[in-house]
Amino acid sequence: MLFIDGRRCGNESREVNDYRDQRGNEVAGREVNAEYHEVLLDGWPRLFIKAIKDIPANTEILVSYGESYWESELLKCIPRA
């Protein structure tokens with residue numbers, strides 16, 4: 001089991017990507033293999049990334065950032081095809 005915890009060792013969650021391309025379009029062969037879970041630890045919110053299937057070594061960890069991410073103001077300047 002791998003825990004990614006930015007509190008202790010930097011922000012390794014930067015290694016987790018959305019399964020879509022940079023414009024938010026689905027890509028053939030790229031499937032979600034992990035998901036986010038928010039929990040409270042000592043009263044503080046923490047974000048965990050949990051594998052939902054086996055992830056072999058040297059395989060990208062892929063999640064869904066959610067539609068709200070792709071609809072955000074920051075990304076509206078990128079045309080979606």
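The values are calculated or read from the model by the stated rules, or taken from the named source; none is laboratory data. No experiment lies behind these values; they were computed from the predicted model shown. Virtual Cβ from ideal backbone geometry, glycine too; neighbours counted across all protein chains shown.
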- Of everything in segment 10-32 that's under 13 Å from the mean Cα position of the chain (by Cα) and farther than 19 Å from Trp70 by Cβ, which residue is modelled with the highest pLDDT? Glu15
- Task: Could you check how many residues of segment 23-49 are outside any strand (DSSP E or B) and surrounded by 10 or more Cβ atoms within 10 Å (Cβ to Cβ)?
- Result: 8
- Query: Are there any pairs, at least 6 apart or on different chains, whose C-beta atoms fall under 8 Å, with the first in segment 39-65 and within 12 Å of Val16 (Cα to Cα) and the second surrounded by fewer than 10 Cβ atoms within 10 Å (Cβ to Cβ) and not basic (Lys, Arg), and if so, which?
  - Reply: Phe48/Glu38; Phe48/Val39
